[in-house]
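Here's the structure we're looking at; comments come further down.
The values are calculated or read from the model by the stated rules, or taken from the named source; none is laboratory data. Quick caveat: nothing in here was measured; it's all calculated off a predicted structure. Glycine also receives a Cβ, built like all others from the backbone with ideal geometry; neighbour counts cover every protein chain displayed. For the accessible areas, the whole protein counts, side chains as well, though only heavy atoms, and no ligand, DNA or RNA atoms are used. Shrake-Rupley method; radii C 1.70, N 1.55, O 1.52, S 1.80 Å.
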Amino acid sequence: MNKTLLIIKREFYAKVKNKSFIILTILSPFLVVALGALIFYLGEKNSEDVRKVAYVDETSQLASAFTSTKTLKYVDLTKLGFKEAKIIAEKDYYGLIYIPKIDSLNQLSKGIKFYSQETPGLSLISSIESGLDKKIRDLKIEKLNIDVSILKETETSISIATENFTGEKSSKIGSILRMLAGGGFGYLIFMFIIIYGTSVMRSVIEEKTSRIIEIIISSVKPFQLMLGKILGNAFAGLLQFIIWMIIGGAILFAITIYLGPEAVNSTNGMPMTPDVVHQVQEASNNNIQLVLQEIKNLPILTIFFSFLVYFFGGYLIYSSIYAAIGAAVDSETDTQQFMMPVLMPLVIAIYVGFSIIENPHGPIAVGFSIFPLTSPIVMLMRIPFGVPWWQIAVSMLLLIVTFIGIVWFAAKIYRVGILMYGKKPSYKELYKWLKY
């Protein structure tokens with residue numbers, strides 16, 4: 001046990017004292033914020049590009065369907081005629097909408113065309129179609145001698161209040177928070193397994209190729225060495241994530257403090273009256289209270305405890321496999337044949353996890369959240385939506401049993417492979433090593 005602790009300390013200090021580790025730990029949260037700011041800035045710049053779209057309406061009935069916005073300007077070229085308007089639009093406009101003279105509204109809806117030099121964006125076409133669809137619908141209603149204004153008064157917007165049978169209320173914001181919490185924790189485990197599992201594998205390969213392992217193995221059992229490497233990297237990674245959360249929280253708090261007053265006291269740079277300011281503050285307070293209430297409704301203790309169990313359980317399972325692969329090969333290039341079977345359950349877990357959000361209690365969701373190789377990710381994505389305790393217990397029990405079994409198998413491969421050189425092992429040979 002003392003030797004294992006020494007190896008854990010050695011791996012931990014070797015990792016955290018590395019310059020690249022220190023730089024990445026400090027700079028990563030700032031780089032993420034900077035990247036987000038850059039994406040936001042580029043999006044804003046891209047949205048500032050004003051596109052002018054001309055239209056020719058030979059029916060003289062659909063012009064009101066085109067309403068200009070901040071980034072989209074409609075220009076009526078109907079008086080010029082289609083041919084001349086097409087020549088002008090090709091030079092000076094983003095595109096041209098042509099509405100031919102067709103009496104039948106049903107045929108007209110299929111005869112409208114859009115001309116442009118380049119393929120138009122989906123949002124632009126959808127916006128044009130939506131406006132024309134509403135206008136043609138109103139024209140059809142008028143032909144039936146029905147007052148459109150009266151008909152529009154019958155339109156309503158439904159907002160359904162939801163709560164469970166015990167009386168606990170929920171909302172759309174709560175569903176979004178559950179989705180973000182589950183997806184965030186699941187993706188965090190996925191990234192941790194990939195990054196630090198690969199780190200364990202590279203460390204084993206490096207020591208094996210440098211022949212240092214021959215000296216180490218003379219005084220330490222292979223199982224102790226493998227377990228020490230896995231846990232040492234795990235603690236280093238956990239430290240890194242804690243630092244990232246602290247720095248990220250401080251940055252988020254600073255941004256909130258900096259942008260808070262501007263968000264309340266100004267809207268698009270225009271001054272507001274005291275009444276408007278009061279309404280904005282009241283609406284903001286209501287939203288904040290709703291968000292806080294939804295956060296309070298989350299099973300926070302269950303999420304935190306489950307995160308720790310699945311975090312270490314999932315990492316230990318996959319890092320053991322990575323360590324065995326590193327011991328079986330002579331270079332990182334030789335690991336490619338073994339990586340696909342390892343990555344497949346993780347990739348499936350991510351896709352299943354994000355797809356079960358609409359039905360977190362369905363048979364697929366339950367099955368993959370109990371299956372040990374996918375449960376660390378899928379179960380964490382389900383827990384915010386409420387999971388029966390027995391499913392969590394069964395999932396954790398299977399995770400622990402699988403971890404013990406995989407570590408045992410990985411240790412047998414590690415014990416033989418760590419001293420094997422000059423030959424690429426096949427799956428058949430790995431099976432033979434398990435019998436030694």
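Could you give the length gained by full extension between PHE30 and LEU6, i.e. 0.36 nm per residue of separation minus their alpha carbon distance, to one decimal place?
Additional length available on full extension: 5.2 nm.
With +1 assigned to the C-beta of every Lys and Arg and -1 to the C-beta of every Asp and Glu, and no other charges, what is the dipole magnitude of the range 88-165 about the Cα centre in debye, to the nearest 20?
It comes to approximately 340 debye.
Trypsin sites (Lys or Arg not before Pro) within the range 17-56: which are DSSP loop residues with at most 13 other Cβ atoms inside 10 Å?
Qualifying residues, ordered by number: LYS17.
Could you tell me the center-to-center distance, by alpha carbons, between the range 336-388 and the range 16-43 in angstrom?
Between the Cα centre of the range 336-388 and that of the range 16-43, the gap is 29 Å.
Whenever you get a sec, line up SER395, SER203, SER157 from highest to lowest accessible area (probe 1.4 Å, protein heavy atoms).
I get SER157, SER203, SER395, largest accessible area first.
Under 18 Å from a label point 7 Å along Cα→Cβ of MET420: give me every residue in the range 315-339 with its amide N that close.
Label zone hits: 320-339.
Tally Lys/Arg at +1 and Asp/Glu at -1 over every other residue whose Cβ is under 11 Å from the Cβ of SER199; what's the total? Working shown, then result.
On the way: positive: LYS15, ARG202, LYS229; negative: GLU11, GLU206.
Neighbourhood net charge equals +1.
Using the Cα centre of the range 50-148 as origin and beta-carbon charges of +1 (Lys, Arg) and -1 (Asp, Glu), tell me which of ILE136, VAL75, SER60 is placed farthest towards the positive end of the dipole.
After comparing all options, I get VAL75.
Considering only Cα-Cα distances, which of the following residue pairs are longer than 18 Å: LYS110/LYS134; LYS101/LYS140; LYS229/LYS424; LYS3/LYS221; LYS101/LYS152; LYS208/LYS229? Working shown, then result.
On the way: LYS110/LYS134 14 Å; LYS101/LYS140 16 Å; LYS229/LYS424 23 Å; LYS3/LYS221 9 Å; LYS101/LYS152 28 Å; LYS208/LYS229 13 Å.
Listed pairs above 18 Å: LYS229/LYS424; LYS101/LYS152.
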